[in-house]
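Asks: Mind having a look at this structure? Questions to follow.
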Amino acid sequence: MTASAEPVKLDDLVRVTRSIRAAVETVVDGKPDVVRLAVTVLLAEGHLLLEDVPGVGKTMLAKALARSVGCSVRRIQFTPDLLPSDVTGVSIYRQERQEFEFKPGAVFANVVVGDEINRASPKTQSALLECMEERQVTVDGITHLLQAPFIVMATQNPVEMEGTYPLPEAQRDRFMARLSMGYPAADAEVEMLDRHAEHEPLEALQPVTNAAVVRSLIATARGVYAADGIKEYVVALARATRTTGDLRLGASPRAALHLLRAAKAHAAMSGRDHVLPDDVQVLALQVLAHRLLPSADAQLSRRTPEDVITTLLNLVAVPRSRATA
């Protein structure tokens, strides 16, 4: 099991995370907000779901973040014939020693890149549930701990595309945030053609930190202060999603916890030792939307979960400044 890491100074966290973002942005062109969110999720000890059409750089973002932090990385290509044991590992009987030996699966890494996760069967997708929530794997009754930091960065094509399975609600809820890459701006796409036509930027990307430093950054982000008013605000947002008629499934308590953790990491990356309502609001769409299911009426009126969250952000009272100080 990984030893507890000592927090670093806030100035050091800001410096290192800027270096990580700058390194990733040498590979992922024209997407600074996307890169910032990916680093935020890493510091918040969460997992990231990248959802968009093929060819917009989802896997490239995951690989670039993994390489920039200098951690161990394993890639899992999810296919319909992938087995749960391919993900978690399997016990093999050694005749010469007359005992079982555990062979770790692809999930035993600091950064796990799950490519096209919704092309695997629900049974195989479910193999990640224990890993993502408890940072451990249980095979044949024996529990094996995963080393920190541990982040699953899974890519997903829209479920309308051929050969895909929708993610179970339990698994979607374990992803701290979901983001869509989107198409790059015209000038960024031209720059991408110039860069990628001559060489592969990912091959030239050098690590700017290591796993031990990342563990210290996580400890620092975890220690960012959140006032009672901020916590009540997060809970109020989560509860509002459970009572609105536009949703048939609202945010879980885990969603509220993820939102607070992400807000702490966002505040730390901004150089603050305390959370502001702005930190919560800027992350609410990415952290909450993928967990929510619209009601039949909302679907008929074409109101998406993002629309509902935007409305609730305008309705739920924001804590006063004295409560956030």
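The values are calculated or read from the model by the stated rules, or taken from the named source; none is laboratory data. Since this is a predicted model, take the numbers as computed values, not measurements. Cβ sites come from the backbone with ideal geometry, for glycine too, and all protein chains shown count toward neighbours. Surface accessibility is based on the protein's heavy atoms, side chains included, excluding ligands, DNA and RNA. Shrake-Rupley method; radii C 1.70, N 1.55, O 1.52, S 1.80 Å.
Asks: For region 249-316 and region 21-60, compute the distance between their C-alpha centroids and round to whole Å.
Replies: The distance from the Cα centre of region 249-316 to that of region 21-60 comes to 19 Å.
Asks: For the pairs K9/K63; K58/K103; K31/K231; K31/K264; K63/K103; K63/K231, flag any whose C-alpha to C-alpha distance is greater than 32 Å.
Replies: Where the Cα-Cα span goes over 32 Å, the pairs concerned are K63/K231.
Asks: What does the convex hull of the Cα atoms come to per residue for region 174-226, in Å³?
Replies: Cα-based convex hull of region 174-226, divided per residue, equals 175 Å³.
Asks: Taking only protein heavy atoms into account and a 1.4 Å probe, give the accessible area per residue of the chain in Å².
Replies: Per-residue accessible area for the chain comes out at 48 Å².
Asks: Is there a quick way to get the dipole size of region 54-186? I mean about its Cα centre, with the Cβ of Lys and Arg at +1 and of Asp and Glu at -1; what is the value in debye to the nearest 20?
Replies: Once rounded to the nearest 20, the dipole reads 460 debye.
Asks: Moving to a separate point now. Order H290, H266 by their accessible area, 1.4 angstrom probe, all chains in place, largest first.
Replies: From most exposed to least exposed: H266, H290.
Asks: Moving on. Please list, by residue number, every one of the GluC sites (Glu not before Pro) in region 84-122 that is coil in DSSP and has at most 11 other beta-carbon atoms within 10 Å.
Replies: For GluC sites (Glu not before Pro) across region 84-122 that sit outside H, G, I, E and B with at most 11 neighbouring Cβ atoms in 10 Å, the list reads E96.
Asks: Given H placed on each backbone N at 1.01 Å, which residues far from S121 in sequence or on other chains put an amide H within less than 5 Å of it?
Replies: Residues meeting the criterion, in which the H sits 1.01 Å from N, are L82.
Asks: Order the following by accessible area, largest value first: F100, F78. Probe radius 1.4 Å; ligands, DNA and RNA are ignored.
Replies: Final ranking, largest accessible area leading: F100, F78.
Asks: What do you get for Rg/Rh of region 158-313 when both radii come from the Cα atoms and Rh is the Kirkwood radius?
Replies: Computed over Cα atoms, the ratio is 1.04.
Asks: Further question: Can you give me the C-alpha center-to-center distance between region 169-196 and region 122-148, rounded to a whole angstrom?
Replies: Measuring centre to centre over Cα atoms gives 27 Å.
Asks: Run the helix sum for the chain: -39,500 (n - 2.57) per DSSP H stretch of 4+ residues, divided by residue count, reported at 222 nm to the nearest 500 deg cm²/dmol.
Replies: It comes out at -13500 deg cm²/dmol, rounded to the nearest 500.
Asks: For all pairs of alpha-carbon atoms in region 72-190, what percent lies in each bin of width 5 Å, listed from the first bin to the last filled one?
Replies: 2, 10, 19, 21, 17, 12, 8, 5, 3, 1, 1, 0, 0
Asks: Evaluate 2.2 N^0.38 Å with N set to the residue count of region 47-105, then give the Cα radius of gyration divided by it.
Replies: 1.59
Asks: Here's something else I'd like to know. Would you compute, for the Cα atoms of region 239-325, the largest minus smallest coordinate along each principal axis and list the three values in descending order, in whole Å?
Replies: Each principal axis gives a Cα extent; for region 239-325 these are 43, 22, 20 Å.
Asks: How big is D, in µm² s⁻¹, for region 23-127 by Stokes-Einstein at 37 °C and 0.692 mPa s if Rh is the Kirkwood radius over C-alpha pairs?
Replies: Estimated via Stokes-Einstein, D reaches 213 µm²/s.
Asks: Using only Cα atoms, what Kirkwood radius does the chain have, in angstroms?
Replies: With all distinct Cα pairs of the chain included, I get 20.8 Å.
Asks: Let me ask you something else. Among I142, V41, A120, pick out the residue whose Cα is farthest towards the positive end of the charge dipole of region 26-154, where Lys and Arg carry +1 and Asp and Glu carry -1 on C-beta, about the Cα centre.
Replies: Projecting each Cα onto the dipole axis, the largest value belongs to V41.
Asks: Percent of accessible area on the chain owned by carbon and sulfur, 1.4 Å probe?
Replies: Result for the chain: 52 percent of the exposed heavy-atom area is carbon or sulfur.
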